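Data block below; observations after.
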Ligand SMILES: [Zn+2]
């Protein structure tokens with residue numbers, strides 16, 4: 001038997017997945033992509049190629065050892081003072 005909390009968290013998970021699929025379908029429709037099977041966007045974002053090892057779609061920290069755009073924005077004052085292209089060096093200097 002499941003309690004009310006378990007039922008609520010289960011329905012919340014289902015709702016979150018539906019919302020994320022809906023967002024990706026909207027992005028796909030905006031860019032004129034194929035939306036015949038919308039649920040495929042539950043596992044793959046609309047603008048990613050789907051290859052997990054893709055250099056173009058991947059995280060720049062993982063592939064190039066650089067900071068992400070969000071991290072560059074966050075640390076832009078520190079970056080101007082001492083430029084460190086290597087993310088490990090920069091994160092060491094900030095801590
Ligand atoms: Zn890709």
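Any read-out appearing in this document is the output of simple, stated calculations on the displayed coordinates, not a laboratory observation. Computed from a prediction, not measured in an experiment: that's the story for all the values here. Backbone-built Cβ (ideal geometry, glycine too); neighbour counts: all protein chains shown.
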Requested in this report: Would you please give the FRET efficiency between residue 39 and residue 9, computed as 1/(1 + (r/R0)^6) with r the Cβ-Cβ distance and R0 = 25 Å, to the nearest 0.05?
Outcome: 0.70
Query raised in the report: Which semi-axis lengths, in whole Å and largest first, follow from the square roots of five times the eigenvalues of the Cα gyration tensor of region 1-52?
Result: 29, 11, 8
